[in-house]
Amino acid sequence: MKKFRRIGAAAVIVLLLSMYLICLIAAVSGSESAKLIFRVTLGMTVAVPVLLYALILLLRLGKNKEQKAQDLIDASLKNAEEDPDGVLPEKEEAHP
């Protein structure tokens, strides 16, 4: 997970720096679309890190669910080893 986070952080840094460079070049060159590029760069400055953070959270939640499922499987296997016949004791019903 740490390796993924580092790769993601490096990718975000490269993406943001390249966007800033493109915005700077467009502004210096006097391009007509410089205002639009500036607005897009501002939006992406917020959106890209937020989306990366959301992706990391989703991956973490998926990992936790996977661990819980594995714990349930381990517990059921342990119960199966304790009761090799596979017969569970019947619950006594309360009669009114």
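The values are calculated or read from the model by the stated rules, or taken from the named source; none is laboratory data. Note that the structure is predicted; figures quoted are calculated from it, not measured. FYI the Cβ positions are ideal-geometry reconstructions off the backbone, even for glycines, and counts take in every protein chain you see.
Can you find even one residue in segment 27-41 that is modelled with pLDDT of 75 or more, of a type outside the set (A, V, I, L, M, F, W, C) and within 23 Å of the chain's Cα centre (by Cα)? No: zero hits. Close contacts from segment 54-65, counting a first residue that is closer than 14 Å to LYS3 by Cα and a second that is exposed (fewer than 10 other Cβ atoms within 10 Å of the Cβ), with Cβ to Cβ under 8 Å and a gap of 6+ residues or different chains, come to LEU59/MET1; ARG60/MET1. The residues on offer are VAL46, VAL40, and the sole one that is closer than 24 Å to GLY8 by Cα and exposed (fewer than 10 other Cβ atoms within 10 Å of the Cβ) is VAL46. Of the residues making up segment 23-70, those that are part of a helix (DSSP H, G or I) and of a type in the set (Ser, Thr, Tyr) are SER29, THR41, THR45, TYR53.
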